[in-house]
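Enquirer: Below is the structure I would like to discuss, written out as structure tokens.
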Protein chains: 4
Amino acid sequence: MGKTRLEAFSDGVIAIIITIMVLELKVPEGANWKELQQLVPVFMSYLLSFIYIAIYWNNHHHLLHLVKHLSAGIMWSNFNLLFWLSLIPFATGWMGENHFEPLPVALYAVLMNLCGIAYTILQKTIEACHRDDVRLKEIMARQQRKGIMSLLIYTIAVAMAYVSTLISGLLFVTVAAMWLIPDKKIERLVGKDS
Amino acid sequence: MGKTRLEAFSDGVIAIIITIMVLELKVPEGANWKELQQLVPVFMSYLLSFIYIAIYWNNHHHLLHLVKHLSAGIMWSNFNLLFWLSLIPFATGWMGENHFEPLPVALYAVLMNLCGIAYTILQKTIEACHRDDVRLKEIMARQQRKGIMSLLIYTIAVAMAYVSTLISGLLFVTVAAMWLIPDKKIERLVGKDS
Amino acid sequence: MGKTRLEAFSDGVIAIIITIMVLELKVPEGANWKELQQLVPVFMSYLLSFIYIAIYWNNHHHLLHLVKHLSAGIMWSNFNLLFWLSLIPFATGWMGENHFEPLPVALYAVLMNLCGIAYTILQKTIEACHRDDVRLKEIMARQQRKGIMSLLIYTIAVAMAYVSTLISGLLFVTVAAMWLIPDKKIERLVGKDS
Amino acid sequence: MGKTRLEAFSDGVIAIIITIMVLELKVPEGANWKELQQLVPVFMSYLLSFIYIAIYWNNHHHLLHLVKHLSAGIMWSNFNLLFWLSLIPFATGWMGENHFEPLPVALYAVLMNLCGIAYTILQKTIEACHRDDVRLKEIMARQQRKGIMSLLIYTIAVAMAYVSTLISGLLFVTVAAMWLIPDKKIERLVGKDS
């Protein structure tokens, strides 16, 4: 019961985050190609963040599916994650509107790191409440390996932003690809009851 | 379980898309008729997109109703659809604020095509997961005929935008009407358990 | 099943409408009393519309509770209602920002009429699908009397806007009060299974 | 049934409130540190309000969990609470953008008081409908003690805004901390069936 409402609330917040982000794609005054071309970086950053948030929703969905009993800790770790996710539209807009300049790209990478850390905290809190669930532990272990790799790549992307923002951008795409390619083992483990 | 949450999330995103679109109807400074008249094209484009999104919601609703088991493919095809739908407020605002000039009208038609293709991909992905469901196949077949016709009409509307945006507009209305007129056969097929 | 999703979708749209309306309360530049005082009309119009939308949600909630089988007609009548409701933030903002000048007040009254008519159409459509439900008919009859009175008062408010917007304002409050005062008879009829 | 929809609607509104607040974090034009630094007060006020709304959601969640039968009174007390909560993004933005000047800080404290009072009214209304539920009474009594203390502290914060806004800020943090520290007794009382 409580879990259903937590899921529903999180879904609501994530749905709003993913959608208000598009408001940064401001309708241009003129009706010509040049105005549209100037929006390309904003569009690219929107696309990237859309995929990231979709991945978060997807993982969050599987993660909460495993929860059997809620605790205040899980509730607040979840809010912590939602807080950092809610800053993505801002970071996305700043990066896009400034055509991927170093500082906004670095900030984006820092925020992605903070989101990743918040997600790891949520995972650890859930794990601590479900010590006896073997399947959950296996799934977690696999996800956490991916999580740590993502954090490492984001950290490199922060530094790279001052060398070449293109490299940072490619690193962002790499992380997204890493999560998008389905992990057969997790699917098998999760799929048993979803 | 997983399906319910996917439906709820999609509904959330679609509800937000349909509603933030109205934010393009910017409150005018003055309180006279002239200011209100200038909003007529924005209003017309809002009305058109509202109907389109309502049709998408309606079809999406029936489509997901048929799903029996979720897969990563269905999840991501659904996100793909939501992504293109999320661009409708932008395209709508651009078309309305520029009083239906050729380029924005053409872009709107292109976006509608992309949404339609994304919907078709989602249909095909669901079909691939439910090969043995005869009723689903019949419903799909009928919907796909409509879908292909819509794509054709949108493609004509792109070209027509540079001849006469009025014709493009009428083509948009035609597609909407085609989907609004209830398909008795589908209703009978779907109605059995909804 | 289908009904639950229709309710959830409507709730989502109404929740967004009621909340984005507050975005018209634009954060003023300065930090003094004068800036705050200028927002009083916007605040008043927000309060009025908040109450109206809350009443609509409440009635909509009871109305859909009575629905036993969905039809395409109910689906589209519901979208029709949501469309007119979605224009309330615009009309509210225009009325508030122009400090209750005649034209915006008249437009607000016209919109309220359109919302009321859309609600009546939804009622009639539901009635047509549930001809054999006696209790539903009784509840509907009572609500429709209130509905017709509301439409009459709104129509007077349109005309009054050009005489005295204060009178129109009082008429708006009157309608709200009429719906807020609980109707014991309906409560008894509805209460049996909610 | 009715309760589920009331919860869902409230969750929707709260999710939107917590998320549109981030829109006050306006994307700056330039891509340098100075622009980012100027956003620090807006960010701080966002963080504070995010925590407050999360606490409200959390308490609201527990409160409605105890409700067994809905009444018109509960419905409207709930709308009253949502109305005041919906003003938080405005007050937050005004406080942040004016770098915590006295008047906006005082207004924020007044609004927090109004939200607290609205919550207390909702509690009392629920209590009045569930006179025979002993466990509910115990939980309520504990929460109301905290509630009254919060109202007192907010009232002091209003006055303190004209002495030192730092003190008001610390008082806000104090209230948040008071609610964040889990109340073991309530958890035990609530935990039995959630």
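Enquirer: Among the residues of region C:79-105, how many are closer than 16 Å to C:Leu171 by Cα, touching a residue at least 40 places away in the same chain (Cβ under 8 Å) and crowded, with 23+ Cβ neighbours inside 10 Å?
Expert: Looking only at that region, the number is 3.
Enquirer: Among the listed residues B:Lys34, B:Lys26, identify the single one that is part of a loop (DSSP other than H, G, I, E, B) and open to solvent by 10 Å² or more (accessible area, probe 1.4 Å).
Expert: Values: B:Lys34 fails: part of a loop (DSSP other than H, G, I, E, B).
After applying the criteria, what remains is B:Lys26.
Enquirer: Could you grab me the full set of residues in region B:134-168 that are assigned to a loop (DSSP other than H, G, I, E, B) and within 11 Å of B:Ala109 (Cα to Cα)?
Expert: The initial filter retains those residues of region B:134-168 that are assigned to a loop (DSSP other than H, G, I, E, B), namely B:161-164.
Selection gives B:Ala161 alone.
Enquirer: Which of (1) modelled with pLDDT of 90 or more; (2) more than 24 Å from B:Tyr154 (Cβ to Cβ) is the odd one out, the single condition B:Ser10 does not satisfy?
Expert: For B:Ser10, the failing item is (2).
Enquirer: Let me ask you something else. Conditions: (1) over 28 Å from B:Ile181 (Cα atoms); (2) part of a helix (DSSP H, G or I). B:Phe43 meets all but one. Number of the miss?
Expert: (1)
Enquirer: Next question, about the same structure. Exactly one of these conditions fails for A:Leu85: (1) over 13 Å from the mean Cα position of the chain (by Cα); (2) more than 9 Å from chain B (Cβ to nearest Cβ); (3) closer than 22 Å to B:Ile17 by Cα. Give me its number.
Expert: Exception for A:Leu85: condition (1).
Yes/no per residue for (1) under 21 Å from A:Leu48 (Cα atoms); (2) modelled with pLDDT of 85 or more; (3) surrounded by fewer than 16 Cβ atoms within 10 Å (Cβ to Cβ):
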| residue | (1), (2), (3) |
| --- | --- |
| A:Glu127 | no, yes, no |
| A:Leu136 | no, no, no |
| A:Ser164 | yes, yes, yes |
| A:Ile167 | yes, yes, yes |
| A:Val175 | yes, yes, no |
| A:Met178 | yes, yes, yes |
| A:Ile181 | yes, no, yes |
| A:Lys185 | no, no, yes |
| A:Lys192 | no, no, yes |
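Enquirer: Determine, yes or no, whether B:Leu70 is away from chain C (no Cβ under 13 Å) and either open to solvent by less than 30 Å² (accessible area, probe 1.4 Å) or on the phi < 0 side of the Ramachandran plot (or both). Before the answer, list the steps.
Expert: Working: away from chain C (no Cβ under 13 Å): yes; either open to solvent by less than 30 Å² (accessible area, probe 1.4 Å) or on the phi < 0 side of the Ramachandran plot (or both): yes.
Yes; evaluated as a whole, the condition is true for this residue.
Enquirer: A further question follows. Residue under question is C:Arg131, and the condition is that it be part of a helix (DSSP H, G or I), at negative phi and open to solvent by 40 Å² or more (accessible area, probe 1.4 Å); does it hold?
Expert: Numbers: part of a helix (DSSP H, G or I): no; at negative phi: yes; open to solvent by 40 Å² or more (accessible area, probe 1.4 Å): yes.
No.
Enquirer: Here's another thing I want to ask about it. Just for region A:88-106: of the residues that are of a type outside the set (D, E, K, R) and at the interface with chain D (Cβ under 7 Å from one of its Cβ atoms), which one is farthest from D:Lys26 (Cα to Cα)?
Expert: Applying the first criterion (of a type outside the set (D, E, K, R)) to region A:88-106 yields A:88-96, A:98-100, A:102-106.
Still in the list and also at the interface with chain D (Cβ under 7 Å from one of its Cβ atoms): A:89-90, A:93-94, A:98, A:103-104.
Details: A:Pro89: 10, A:Phe90: 7, A:Gly93: 9, A:Trp94: 9, A:Asn98: 14, A:Leu103: 17, A:Pro104: 14 Å.
Among them, the one singled out is A:Leu103.
Enquirer: Condition check: surrounded by fewer than 22 Cβ atoms within 10 Å (Cβ to Cβ), more than 8 Å from chain D (Cβ to nearest Cβ) and over 15 Å from the mean Cα position of the chain (by Cα). Does C:Glu7 satisfy that? Spell out the reasoning first.
Expert: Working: surrounded by fewer than 22 Cβ atoms within 10 Å (Cβ to Cβ): yes; more than 8 Å from chain D (Cβ to nearest Cβ): no; over 15 Å from the mean Cα position of the chain (by Cα): yes.
Judged against the criteria, C:Glu7 is not a match.
Enquirer: Given the criteria open to solvent by less than 10 Å² (accessible area, probe 1.4 Å), within 13 Å of another protein chain (Cβ to nearest Cβ), in contact (Cβ under 8 Å) with a residue 12 or more places away in the chain and assigned to a helix (DSSP H, G or I), does A:Val110 qualify?
Expert: Numbers: open to solvent by less than 10 Å² (accessible area, probe 1.4 Å): no; within 13 Å of another protein chain (Cβ to nearest Cβ): yes; in contact (Cβ under 8 Å) with a residue 12 or more places away in the chain: yes; assigned to a helix (DSSP H, G or I): yes.
Here the answer is no, as A:Val110 does not meet what is asked.
Enquirer: Restricting attention to region A:74-91, does a residue exist that is among the β-branched types (Val, Ile, Thr), closer than 26 Å to D:Leu180 by Cβ and not in a loop (DSSP other than H, G, I, E, B)?
Expert: Filtering region A:74-91 down to residues among the β-branched types (Val, Ile, Thr) leaves A:74, A:88.
Now narrow it down to the ones that are closer than 26 Å to D:Leu180 by Cβ: A:74, A:88.
Adding the requirement that they be not in a loop (DSSP other than H, G, I, E, B) leaves A:74, A:88.
So far as region A:74-91 goes, yes, one or more of its residues are among the β-branched types (Val, Ile, Thr), closer than 26 Å to D:Leu180 by Cβ and not in a loop (DSSP other than H, G, I, E, B).
Enquirer: Among what's in region B:40-58 and is within 9 Å of another protein chain (Cβ to nearest Cβ), among the aliphatic types (A, V, I, L, M) and more than 19 Å from C:Ala8 (Cβ to Cβ), pick the residue that is surrounded by the fewest Cβ atoms within 10 Å (Cβ to Cβ).
Expert: B:Leu47
Enquirer: Exactly one of (1) more than 18 Å from the chain's Cα centre (by Cα); (2) in contact (Cβ under 8 Å) with a residue 12 or more places away in the chain is unmet by B:Ala141. Its number?
Expert: Going through (1) more than 18 Å from the chain's Cα centre (by Cα); (2) in contact (Cβ under 8 Å) with a residue 12 or more places away in the chain one by one, B:Ala141 breaks only (2).
Enquirer: Going residue by residue through region C:12-29, is there one that turns out to be away from chain D (no Cβ under 12 Å) and more than 16 Å from the chain's Cα centre (by Cα)?
Expert: Here is the first cut: in region C:12-29, the residues away from chain D (no Cβ under 12 Å) are none.
No, every residue in region C:12-29 fails to be away from chain D (no Cβ under 12 Å) and more than 16 Å from the chain's Cα centre (by Cα).
Enquirer: Moving to a separate point now. Do you know which residues across region D:46-72 are among the β-branched types (Val, Ile, Thr) and not in a loop (DSSP other than H, G, I, E, B)? Let's see the steps before the verdict.
Expert: To start, the set of residues in region D:46-72 that are among the β-branched types (Val, Ile, Thr) comprises D:51, D:53, D:55, D:67.
Selection gives D:Ile51, D:Ile53, D:Ile55.
The values are calculated or read from the model by the stated rules, or taken from the named source; none is laboratory data. All values reported here derive from a predicted model rather than from experimental measurement. When we count neighbours, we look across all protein chains shown, and the Cβ atoms used for this are built from the backbone with ideal geometry, even at glycine. Remember, those area values only see protein heavy atoms, side chains included, never the ligands or the DNA or RNA. Shrake-Rupley method; radii C 1.70, N 1.55, O 1.52, S 1.80 Å.
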